[in-house]
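Below you'll find the structure, written out as structure tokens, and then a few comments.
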Amino acid sequence: MADGWERAMPLEELEEARPRRIVVGGTEAFVLRNGEALYAIGLRCTHQGAPLDRGLLHLTGSPLTVTCPAHGSMFDLTDGKVRRGPAMHPVPAFDVRVVDGVVEVRPRT
């Protein structure tokens, strides 16, 4: 798609606070709806690869995070940065937009 944007799913299929797995540019990720805001970060924890879409979400206050279900690493939903280890490396973060009712995602540069 133009400018690196890839269609992920119709917005109506993205339930509030329910992560959905997607693939963006060959990378596993998940997209998440939190009110009007949409976030997408890499699916696999950089510590040992556990699926972050099964982790605990913190969607109020700041920072907005997901906690890995395996060993408790915490990642920022806005930029993929590690907020708490044992992970030492961020997960990829993606730009997200809605065009004509369709969620589109692209790798962040």
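The values are calculated or read from the model by the stated rules, or taken from the named source; none is laboratory data. Because the structure is predicted, anything quoted here is derived from the model rather than measured. Cβ placement follows ideal geometry from the backbone for every residue including glycine, while neighbour counts extend to all protein chains displayed.
Yes/no matrix, rows are residues, columns are (1) among the acidic types (Asp, Glu); (2) free of Cβ contacts under 8 Å to residues at least 24 places away in the same chain; (3) farther than 14 Å from Ala93 by Cα:
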{"position": "Asp3", "(1), (2), (3)": "yes, no, yes"}
{"position": "Ala8", "(1), (2), (3)": "no, no, yes"}
{"position": "Arg20", "(1), (2), (3)": "no, no, yes"}
{"position": "Gly26", "(1), (2), (3)": "no, yes, no"}
{"position": "Val31", "(1), (2), (3)": "no, no, no"}
{"position": "Leu38", "(1), (2), (3)": "no, no, no"}
{"position": "Ile41", "(1), (2), (3)": "no, no, no"}
{"position": "Cys45", "(1), (2), (3)": "no, no, no"}
{"position": "Gly55", "(1), (2), (3)": "no, yes, yes"}
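Of the residues that sit in the stretch 21-69 and are among the small types (Gly, Ala, Ser) and within 26 Å of Val99 (Cα to Cα), which one is modelled with the lowest pLDDT?
Gly25
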